[in-house]
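Undergrad: My structure is below; once you've seen it, I'll send some questions.
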Amino acid sequence: MNTEWFETFLEAVRLKSLSKAADRLHLTQPAASKQLHSLEEALGVKLLERSPAGVAPTAAGQKLYDRLVPVVSELAAIRRELKETAQPVRLGAIPSLAAHYLPQRLARLQPPGAVQLAVYGTSAEQLAALTAGTLDAALVESRYAAPPYWSAEVLTEPYCAVMPQTHPLAARAEVTLEELAEERLIVHPPACDIRRSIAEAYEARRLAPLIGAEVGFGESIIGFVAAGAGITIMPRLAAEHAGRLGLAAVPVSGFGRERTIVLLAASAAIGQALMPALTG
């Protein structure tokens with residue numbers, strides 16, 4: 001038997017009204033009535049007498065009510081205790097997602113603190129942490145999605161060239177890699193997922209990227225671009241935030257691939273619990 005049937009029955013007796021019980025439990029009245037009918041059928045006895053004045057328990061209903069009150073109270077206490085002792089989900093993410101994509105979405109998760117976010121420089125580091133058991137889930141580039149982990153696509157986005165608004169190409173609707181071939185690029189170290197994608201895109205066009213500066217994962221590439229050290233290429237999610245520093249983000253045509261982010265989870269239950277917030 002469904003415990004929700006018992007809760008509906010108890011509320012109906014307490015409030016002496018099926019409609020008030022339905023409102024309290026956020027049910028429609030037909031749904032509440034169906035639950036009570038199912039409970040009566042399962043027990044083989046009539047539990048409530050219905051009248052224009054409301055509902056009242058039969059003799060069998062009163063006996064059930066008296067026995068159920070402590071049982072349901074104990075179940076509620078158990079739920080509270082389990083909720084209080086539940087460990088947060090340990091979620092990994094790369095810096096651009098942690099800064100620009102996750103804050104608003106994670107704020108929607110209940111209860112507050114249900115997710116403990118850890119920021120990693122690369123998808124490979126997250127995969128290693130997931131394998132080691134120090135993460136329960138990770139937001140990684142799609143190339144890292146593989147068994148035995150549950151996976152689902154979270155977002156797909158194109159790449160953009162980020163440059164000062166005074167740059168000759170800044171007003172263009174889009175640029176090609178050939179047009180960027182002589183531009184000094186500001187990039188993260190070779191282990192960076194984005195740098196790897198840039199290298200692959202240039203290689204596919206038989207071009208060689210001109211690396212102007214390589215900055216650490218803790219440093220802001222956009223800051224270097226704003227200082228005039230060169231331009232960069234990054235996914236749209238991060239590029240869209242360059243405007244506040246007087247920079248332009250121009251889509252790169254012919255890049256060859258978009259960035260697809262997937263959620264990897266140690267179990268389907270964890271993944272399915274996170275996905276509504278991450279994709280909503």
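The values are calculated or read from the model by the stated rules, or taken from the named source; none is laboratory data. Bear in mind that the values here come from a model prediction, so they are computed numbers and not experimental data. Cβ: placed from backbone, ideal geometry, glycine included. Neighbour counts: every protein chain shown. Keep in mind that these areas ignore ligands, DNA and RNA; they rest on the heavy atoms of the full protein, side chains included. Shrake-Rupley method; radii C 1.70, N 1.55, O 1.52, S 1.80 Å.
Undergrad: Using +1 on the beta carbon of Lys and Arg, -1 on that of Asp and Glu, and nothing else charged, what's the dipole of the chain about the Cα centre, debye to 20?
TA: Approximately 840 debye in magnitude.
Undergrad: Within the range 103-187, report the GluC sites (Glu not before Pro) that DSSP leaves as loop and that have at most 11 other Cβ atoms within 10 Å.
TA: Here the GluC sites (Glu not before Pro) that fit, given the DSSP loop and packing criteria, are 182.
Undergrad: Which trypsin sites (Lys or Arg not before Pro) does the range 165-239 hold that lie in a coil by DSSP with at most 16 other beta carbons within 10 Å?
TA: Passing sites in the range 165-239 are 172, 205, 206.
Undergrad: Given +1 on the Cβ of Lys and Arg, -1 on the Cβ of Asp and Glu, and no further charges, what dipole in debye does the range 144-198 carry about its Cα centre, rounded to the nearest 20?
TA: For the range 144-198, the charge dipole is close to 180 debye.
Undergrad: To test your reading of the geometry: what angle, between 0 and 90 degrees and rounded to tens, separates the Cα axis of helix 29-43 from the longest principal axis of the chain?
TA: So the helix axis and the longest Cα principal axis differ by about 60 degrees.
Undergrad: Let me know the number of lysine pairs in the chain closer than 24 Å at the Cα, not counting same-chain pairs under 8 apart.
TA: 9
Undergrad: Mind pulling the angle between the C-alpha long axis of helix 193-204 and the longest principal axis of the chain? Nearest 10 degrees, somewhere in 0 to 90.
TA: It works out to around 50 degrees.
Undergrad: Please state the relative contact order of the chain as a whole percent: Cα pairs under 8 Å, 6+ residues apart?
TA: The value is 20 percent.
Undergrad: Sticking with this structure for a sec: Can you give me the angle between helix 3-15 and the longest principal axis of the chain, using Cα atoms only, in degrees from 0 to 90, rounded to the nearest 10?
TA: Between the helix axis and the principal axis of the chain, the angle is about 60 degrees.
Undergrad: Let me ask something additional. Scan the range 99-163 for trypsin sites (Lys or Arg not before Pro) in coil per DSSP, keeping those whose Cβ has at most 11 other Cβ atoms within 10 Å, and list them by number.
TA: 108
Undergrad: Could you list which residues have their amide H under 5 Å from that of residue 267, counting only those 5 or more apart in sequence or on another chain, with H placed in the peptide plane?
TA: 150
Undergrad: Quick one: accessible area per residue over the chain, 1.4 Å probe, rounded to a whole number of Å²?
TA: Heavy-atom SASA per residue in the chain reads 52 Å².
Undergrad: On the protein heavy atoms, probe 1.4 angstrom, tell me the percent of accessible surface of the chain carried by carbon and sulfur.
TA: C and S atoms contribute 55 percent here.
Undergrad: Which one, 129, 270, 65, is farthest towards the positive end of the dipole of the chain when Lys and Arg carry +1 and Asp and Glu -1 on their Cβ?
TA: 65
Undergrad: So who's got an amide H within less than 5 Å of the one on residue 58, skipping anything under 5 residues away but keeping other chains? H placed 1.01 Å off N, in plane.
TA: 48, 49
Undergrad: I would also like to ask the following. Run the Debye formula on the Cα coordinates of the chain, all scatterers equal and no solvent, and tell me log10 I(q)/I(0) at q = 0.07 1/Å.
TA: -0.45
Undergrad: Separate question: Viscosity 0.890 mPa s, temperature 25 °C: what is the translational diffusion coefficient of the range 179-218 from Stokes-Einstein with a Kirkwood Rh over Cα pairs, rounded to a whole number of µm²/s?
TA: 235
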